[in-house]
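The values are calculated or read from the model by the stated rules, or taken from the named source; none is laboratory data. Keep in mind it's a predicted model, so treat the numbers as computed, not measured. Note that each Cβ is placed from the backbone with ideal geometry, even for glycine, and that neighbours are counted across all protein chains shown. Keep in mind that these areas ignore ligands, DNA and RNA; they rest on the heavy atoms of the full protein, side chains included. Shrake-Rupley method; radii C 1.70, N 1.55, O 1.52, S 1.80 Å.
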Amino acid sequence: MLLSKYRQVLCEGTLNLPGLTLFGHNVTTKAVLPMGTHIHDGCIEIVVVVKGNESYYVENRKFELSGGDVFVAYTDQPHRSGNTSQGVCEIIWFQIKPAVQENFLGLSAPFGDLIRSKLMAIDTHILKIDREGLFYLRKSFENFLRLREENRIYGQSLLISFLSRLLFTQTQNRKDDELIENIHKYIEENIYDVIKTEDICSKFCISLSGFKHKFKEYTGVTPRDYINDRKIQKAKELLQSRKSVTETAMQLSFNSSDYFSVVFKKYTAFSPTQFRKL
């Protein structure tokens, strides 16, 4: 068991729930060094981004995640986080060992078998969960953290509710999905320009307040934070291609190279100059 202000990790002996081998919560307030390639012996790992942005790699495939995204690493599958740094984000993650047969996740055989089969049948690394599902997961972890039997039982029921919502239901209205996906595409297509939230609202015919609310509800971050993060990802590419710090800042329409450097360090834990030397 590891408990600190920003990171809490509960292990198998503390959880006392067959098949659940780890349950953790982590808040990263600034970019930190990423985890290298690793596996979890006999376990499926499910990482839920509550808010912020994070990326994961499986083999040579990169997966970009934001609030409401769920990353799944299959049993014994090598994976790693970040590239040069982990993002500013809040995550809740857990590991499940499907090989456990008796009383799997505290469920009787027919129900435990069904959850197990659904977990083993996941064929994508990225899933979505809605705000209600995130609420179930957060409350589940909080109850396990209290280390009392009645809280453990309640935490178990909330975890099953989360998994049921993740595995059996459509978690987002398709219209909202398409809107946010189109906004993401617009940001990528205009990444070198000054991107104003007012211009996005005008293009997609939505109010500013409605846009900010819907975007943060869907991704877990404000539009400005998302835009800055995407610009910094592009900045990494430019710096790696030997563009100077000033050239990169100007090309991405930052007001000054000093401001660019401040934003870059917030999202990567390095100054642009340090990053170029990596």
_Residue-averaged 222 nm ellipticity for the chain, from DSSP H runs of 4+ at -39500 (n - 2.57), nearest 500_ = -14500 deg cm²/dmol
*Lys/Arg Cβ at +1, Asp/Glu Cβ at -1, dipole of region 1-119 taken about the Cα centre: which of Cys89, Ser55, Gly19 is farthest positive-ward?*
Cys89
*In a GNM of the chain with a 10 Å cut-off on Cα contacts, which of Tyr218, Tyr154, Tyr57 has the highest mean-square fluctuation?*
Tyr154
*Name the shape class, rounded, prolate or oblate, that the alpha-carbon gyration tensor gives for region 129-278, where a ≥ b ≥ c are the square roots of its eigenvalues, rounded holds for a/c under 1.5, and otherwise prolate holds if a/b is larger than b/c and oblate otherwise.*
oblate
*Dipole magnitude of the chain, debye to nearest 20 (Cβ charges: Lys/Arg +1, Asp/Glu -1, about Cα centre)*: 760
*Can you work out the accessible area per residue across region 214-278, with the rest of the protein chains kept in place, probe 1.4 Å, in square angstrom?*
49
*Under a 10 Å cutoff between Cα atoms, tell me which one of Leu114, Leu145, Leu238 has the largest fluctuation in the Gaussian network model of the chain.*
Leu114
*asked:* Given a 1.4 angstrom probe, what's the average accessible area per residue across region 53-128, in square angstrom?
replied: 43
_Within a Gaussian network of the chain (alpha carbon springs, distance under 10 Å), most fluctuating of Ile126, Ile206, Ile227_ = Ile206
*asked:* Under 8 Å for C-alpha pairs, at least 6 residues apart: give me the relative contact order for the chain, rounded to a whole percent.
replied: 18
*Once both labels are modelled 7 Å past Cα along the beta-carbon direction, what's the Ala121-Asp41 spacing in nm?*
3.1
*Which value, to two decimals, describes the C-alpha radius of gyration of region 35-140 once divided by 2.2 N^0.38 Å?*
1.10
*Give the shape of region 176-237 as rounded, prolate or oblate, defined through the alpha-carbon gyration tensor: a ≥ b ≥ c are the square roots of its eigenvalues, a/c under 1.5 means rounded, and otherwise the shape is prolate if a/b is larger than b/c and oblate if not.*
prolate
*So which aspartates and glutamates pass the test for Lys5, namely a Cα distance under 15 Å, with those fewer than 8 places away in the same chain ruled out?*
Glu90, Glu142
*Which entry in (i) 0.95; (ii) 1.03; (iii) 1.08 matches Cα Rg over 2.2 N^0.38 Å derived from the coordinates of this structure?*
(iii)
